[in-house]
Amino acid sequence: MTKYSSRYASSPEAVKKYDTQQLREEFLIDDLMQEDEVVLVYSHYDRYIAGSAVPVKGDLALETIDPLKAPYFLERRELGIINVGGSGSVVVEGTTYELGFKDALYIGAGNKEVVFKSDDKNNPAKFYLNSAPAHTTYPTKKVSLAEANKLQLGTMETANHRTVNQMIIGSVVTTCQLQMGMTELKPGSVWNTMPAHVHDRRMEVYFYLDIPENQAVCHFMGQPQETRHIWMNNHQAVISPPWSIHSGSGTSNYTFIWGMAGENLDYGDMDVCKITDLR
């Protein structure tokens, strides 16, 4: 079964007037990882789709949705997948790709059949999905967590010591515009993406995981001089417009998956905001 919803783009001037509930309704994705369902959210920021697939009782197929006006989901799209649950597999046009915990898979445009499977229904795979429009087809490729390009950033002194795992990115996988990776904070560190930045050339979606029970992450968004916050729980995602910072601080360390698409594939293309200039 597939469930989908759409989110329209909001201007920074409009967001300044949002209360907590409206801010959450526009940007928070809080219904992911539903058993035996594919859940998709279609954002009008760069036509980006974020979603999940959790096969328990049986396999789940990736089906097209009405906003695409396409006979199959990947007719004009590419797809990134990261498994955040038990071991499972993704079958692409008859070829099976085994995905363990935190392994990733890139699937190029033009693939008609994509099927999600779990190895154990008592510990099902939980596939986190990101998709963006694609102008050509690139090969499908699995990237294990061990194969990711790893960056060590931050320090314990500033509470942002973290490992950035670049997984679906130019130096690892060839894509049209989709980029995905996973940032793991070290014990004792709580800040992600600080100093904060914006990148007007692309939008981004964050998906938070590894948040311990009874803990949470406060996600900061908005223009650097007009910030807002959304409290996030485990396995929730948040849409970040091109004009918005995207940063967070947790009540413990945690992990988040970042995915983005837009004008270019330069990971370092960002406008950094001085911490003392944030408002």
Practice problem: Look through the range 70-92, keep the residues that are small (Gly, Ala, Ser) and part of a strand (DSSP E or B), and return whichever of them is nearest to Thr136 (Cα to Cα). | Solution: Gly80
Quiz item: Before we move on, is Ile81 buried (at least 17 other Cβ atoms within 10 Å of the Cβ), closer than 20 Å to Tyr208 by Cβ and in contact (Cβ under 8 Å) with a residue 24 or more places away in the chain?
Solution: yes
Practice problem: Go through the range 242-260 and count every residue that is of a type in the set (A, V, I, L, M) and outside any strand (DSSP E or B). | Solution: 1
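Matching residues to (1) open to solvent by less than 20 Å² (accessible area, probe 1.4 Å); (2) on the phi > 0 side of the Ramachandran plot; (3) of a type in the set (Gly, Ala, Ser):
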{"residue": "Trp191", "(1), (2), (3)": "no, no, no"}
{"residue": "Tyr206", "(1), (2), (3)": "yes, no, no"}
{"residue": "Gln223", "(1), (2), (3)": "no, no, no"}
{"residue": "His229", "(1), (2), (3)": "no, no, no"}
{"residue": "Ser240", "(1), (2), (3)": "yes, no, yes"}
{"residue": "Gly250", "(1), (2), (3)": "yes, no, yes"}
{"residue": "Phe256", "(1), (2), (3)": "yes, no, no"}
{"residue": "Ala261", "(1), (2), (3)": "yes, no, yes"}
Quiz item: Does Ser244 count as hydroxyl-bearing (Ser, Thr, Tyr) and without any contact (Cβ under 8 Å) to a residue 40 or more places away in the chain?
Solution: no
Practice problem: Please identify the pairs in which a residue from the range 253-279 that is within 30 Å of Phe101 (Cα to Cα) has its Cβ atom under 6 Å from the Cβ atom of a residue that is of a type in the set (Gly, Ala, Ser), counting only partners at least 6 apart or on another chain. | Solution: Asn253/Ser189; Trp258/Gly181; Ala261/Ala132; Leu265/Gly170
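Consider the range 93-118. How many of its residues are assigned to a loop (DSSP other than H, G, I, E, B) and more than 19 Å from Met182 (Cα to Cα)?
Total meeting the criteria: 8.
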Quiz prompt | Which numbered condition Val172 misses (of (1) free of Cβ contacts under 8 Å to residues at least 40 places away in the same chain; (2) over 25 Å from Arg47 (Cα atoms); (3) surrounded by fewer than 22 Cβ atoms within 10 Å (Cβ to Cβ)) | solution = (2)
Quiz prompt | Subset of the range 263-278 that is out of contact with any Pro (no Cβ under 7 Å at 6 or more places or on another chain) and either in a loop (DSSP other than H, G, I, E, B) or under 29 Å from Pro212 (Cβ atoms) (or both) - its residue that is least open to solvent (accessible area, probe 1.4 Å) | solution = Asp269
Quiz item: Is it the case that Arg162 is within 30 Å of Asn111 (Cα to Cα), of a type in the set (Lys, Arg) and open to solvent by less than 60 Å² (accessible area, probe 1.4 Å)?
Solution: no
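Would you confirm whether or not the range 128-142 contains a residue that is within 26 Å of Glu184 (Cα to Cα) and surrounded by fewer than 19 Cβ atoms within 10 Å (Cβ to Cβ)?
yes
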Quiz item: What is the number of the single condition among (1) within 26 Å of Thr140 (Cβ to Cβ); (2) touching a residue at least 40 places away in the same chain (Cβ under 8 Å); (3) open to solvent by less than 30 Å² (accessible area, probe 1.4 Å) that His235 does not meet?
Solution: (3)
Quiz prompt | Only one of Leu185, Leu178, Leu151 that is over 22 Å from Asp46 (Cβ atoms) and buried (at least 23 other Cβ atoms within 10 Å of the Cβ) | solution = Leu185
Quiz item: For the range 86-119, how many residues are more than 25 Å from Asn165 (Cβ to Cβ) and of a type outside the set (A, V, I, L, M)?
Solution: 5
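Provide a single number: the residues in the range 1-59 that are small (Gly, Ala, Ser), under 30 Å from Val91 (Cβ atoms) and surrounded by 18 or more Cβ atoms within 10 Å (Cβ to Cβ). Reasoning before the result, please.
Taking the range 1-59 as the starting set, the residues that turn out to be small (Gly, Ala, Ser) are 5-6, 9-11, 14, 43, 50-53, 58.
If we keep only those that are under 30 Å from Val91 (Cβ atoms) as well, we get 5-6, 43, 50-53, 58.
From what's left, surrounded by 18 or more Cβ atoms within 10 Å (Cβ to Cβ): 43, 50-53.
Number of matching residues: 5.
The values are calculated or read from the model by the stated rules, or taken from the named source; none is laboratory data. The structure presented is a predicted model; accordingly, all values stated were derived computationally and were not measured. In this analysis, Cβ positions are derived from the backbone assuming ideal geometry, glycine residues included, and neighbour counts consider all displayed protein chains. To get the accessible areas, we keep the full protein, side chains included, count just its heavy atoms, and leave off ligands, DNA and RNA. Shrake-Rupley method; radii C 1.70, N 1.55, O 1.52, S 1.80 Å.
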